[in-house]
Amino acid sequence: VQLQASGGGLAQTGGSLRLSCQATGRTWSDYTIGWFRQAPGKGRETVAAISGSSLSRYYADSVKGRFAISRDNAKNTVYLQMDSLESEDTAVYYCASPYTTQWATEPKDFDYWGQGTLVTVSS
């Protein structure tokens, strides 16, 4: 079971980036996938999560209306579209999935983690 995050980079304030999480090793349409971030000196926080069917989605208050999570199960890929970026969005972003098929949103409930991708937002 592996998850590979990509798409990070440098963006200007107000700009956009799209992150991708490519998953392999199991039937990913059964599992929640979440996006998390960790800024320097801070703890890891949930950004967004999406259920296997896409029927359930969760967003942190800080990104509601700016970020959108989606998935393409045929490609085993989950996306995080990030618009209206702010300097506070600067962080390493990770994708992850729980061991079970249960809906989850808290980092402690996620077992499989990809390597991070760095997002830097500057003015």
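The values are calculated or read from the model by the stated rules, or taken from the named source; none is laboratory data. Computed from a predicted structure; not experimentally measured. Note that each Cβ is placed from the backbone with ideal geometry, even for glycine, and that neighbours are counted across all protein chains shown.
Just a few scattered comments:
- Subset tally (residues that are surrounded by fewer than 22 Cβ atoms within 10 Å (Cβ to Cβ), modelled with pLDDT of 95 or more and of a type outside the set (Lys, Arg)) for the range 8-30: 12
- Here the range 43-63 is the region considered, the condition is being closer than 19 Å to Trp28 by Cα and of a type outside the set (S, T, N, Q), and the residue that is surrounded by the fewest Cβ atoms within 10 Å (Cβ to Cβ) is Leu55.
- When restricted to residues that are within 15 Å of the chain's Cα centre (by Cα) and outside any loop (DSSP other than H, G, I, E, B), the range 81-107 contains 11.
- Filtered by the rule that a residue be assigned to a loop (DSSP other than H, G, I, E, B), of a type in the set (A, V, I, L, M) and in contact (Cβ under 8 Å) with a residue 12 or more places away in the chain, the range 1-55 gives Val1, Ala39.
- Qualifying residue in the range 69-80 (condition: in a strand (DSSP E or B), free of Cβ contacts under 8 Å to residues at least 40 places away in the same chain and hydroxyl-bearing (Ser, Thr, Tyr)): yes
- Being surrounded by 21 or more Cβ atoms within 10 Å (Cβ to Cβ) and on the phi < 0 side of the Ramachandran plot is a description that does not apply to Arg66.
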